[in-house]
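Here is the structure we will look at, set down as structure tokens.
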Amino acid sequence: MAMARTRPTLMDGRLTRAILSIHQQTLKELFKWVLQKTRHLCHDLMEEWLKNNQEASICTAEGASEFKNIANFQDYHGLPAFRVAMAKFMEKVRGGSVRFDPDRIIMSGGATGAQELIAFCLADPGDAFLIPTPYYPGSDRDFSWRTGVQLLPVHCDSSNNFQITAAALESAYEKAQRENFRVRGVLITNPTNPFGTSMDRETLQTVVSFINGKQIHLVCDEIFAGTNFSQPRFISVSEILDDDLDCNRELIHIIYSLSKVLGLPGFRVGVVYSYNDDVVSCGRKMSSFGLVSSQTQHLLASMLSDDSFTTKFLADSAQRLSQRHHVFTSGLAQVNIGCLKSNAGLFCWMDLRPLLKEATVDAELDLWRVIVHEVRLNVSPGSSFHCSEPGWFRVCYANIDHETMQVALRRIHKFVEKVNGGVSVSPKKKKKKSWDAQLRLSLPRKFEDLTTKTPRYMTPRCLMSPRSPLVRAAT
Ligand SMILES: Cc1ncc(COP(=O)(O)O)c(C=O)c1O
């Protein structure tokens, strides 16, 4: 098991403070409205449950008798009822096709803490994990910053809908070896962020047989399990293990969290589920650094073991997501903006390649600045996800209300019409981008400096995510 090592970094220190002091006002204006409008699609269902189950909380007259017990509880194994309920819920979001052992559940502070915990367990500073691109940029922070583990890209592109192939894995592995990295494993996210797709069985089998062949670990971040809203259904790596009896199960570790499907990022409920006894034992001790509060465990033990509630919640959530996805992607299609076909997640992967002046990251960031400052929409450019193909943007459509989404669509329509001088965009025809000269001029000078001079590691997403601490601090 690897030892912890703290790595000093510039990223969240002086540089961030400098950016904040210069751009506080800009960020404030940009996001105040967005934050006010931020909603989870299904919080109303949860609120209703809370009203009907007041004894589940130690902060109500009905539940206060449990206060003393819960307030004193700090065992890093977690409340047994919480682990049982969590295992049951994890089975449910995987369609009941697999079983999870509550004794293999390790608690962590969200999937953020889970990624760090597993990296500490499986690798030493300087070791490497392969990661298919594009990927959730938070992994650079969560998996790497304090552990010193390197994330090395496995390049995927739109030629096969960004699917992971054996050839891409092999080539990344060989490159890592040539560069003298000790590759300890592969980190994947399924359903994926930023695409909102779930991996098919063949792709998962490819990844599992790759890591098994090399005898390296596989960490599957399945935080979006439960957000599957249309066919094909989500397949967890745990199902592949049940099929593939030759695979060394000790190499497989799953990350889960309640931040997405239940919309509880503030509760900081994350889990590592490992098939490896040593990792369970080591991770359990390390989880002391990121325990879920006993009050939260107590409440969730009750909520998640309410079978009829979770069944209805997941069904309603899928139906609402599906509807939202349909309205949003059809709205984009009206102005010929395409998205990668998706079936899960809270966002889509929008193809704005036809709007780029040229196929470069600089052109992508130019377009991104215009979208943020002029169109006034918060989207994330592909380069912030380490996408090697410029022109893709991730748009979240599930954390806003319907009216806000309509405003967003109207702005996109207006923007595309402006770009094309009143004619809808044709991906085939390259038109001169009249907005570029016009709109760039009106960007705040300092912000332009910032986005053009900022090093690659200070990604736009880092600045712009409505959930980033940076934005919160500025509002
Ligand atoms: C793929 C992925 N992993 C981990 C996280 C972090 O989740 P949490 O809020 O549970 O820490 C996120 C959040 O967006 C994510 O998209």
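No value in this document is a laboratory result; all are computed from the given coordinates. Keep in mind the model is a prediction, meaning the values are calculated, not measured. All Cβ positions, glycine included, derive from the backbone under ideal geometry; neighbour counts span all protein chains shown.
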Within the range 47-76, whose backbone N sits under 20 Å from a point 7 Å along Cα→Cβ of H402? 47-48
Honestly the range 224-281 on the Cα gyration tensor test (a ≥ b ≥ c root eigenvalues; a/c under 1.5 rounded, otherwise a/b vs b/c for prolate or oblate) is just oblate
Points 7 angstrom from Cα along the Cβ direction at K414 and R233: gap in nanometres? 4.4
Set the Förster radius R0 to 25 Å, insert the Cβ-Cβ distance between T60 and S308 as r into 1/(1 + (r/R0)^6), and round the FRET efficiency to 0.05. 0.75
Checked the range 73-305 with the C-alpha gyration tensor, a ≥ b ≥ c its square-rooted eigenvalues, rounded below a/c of 1.5, otherwise prolate if a/b is larger than b/c and oblate if not; verdict prolate
For F73 and W145, what does the FRET efficiency come to when R0 = 30 Å and r is the distance between their Cβ atoms, rounded to the nearest 0.05? 0.45
Quote the relative contact order of the range 73-305 in percent (integer), defining contacts as alpha-carbon pairs under 8 Å separated by 6+ residues. 30
Normalised contact order of the range 174-257, rounded percent, pairs of Cα under 8 Å and 6 or more residues apart: 34
For K285 and E48, extending 7 Å from Cα along the Cα-Cβ vector and measuring point to point gives, in nm, a value of 4.7
Most exposed to least, judged by fewest other Cβ atoms within 10 Å, V370, V154 sort to V370, V154
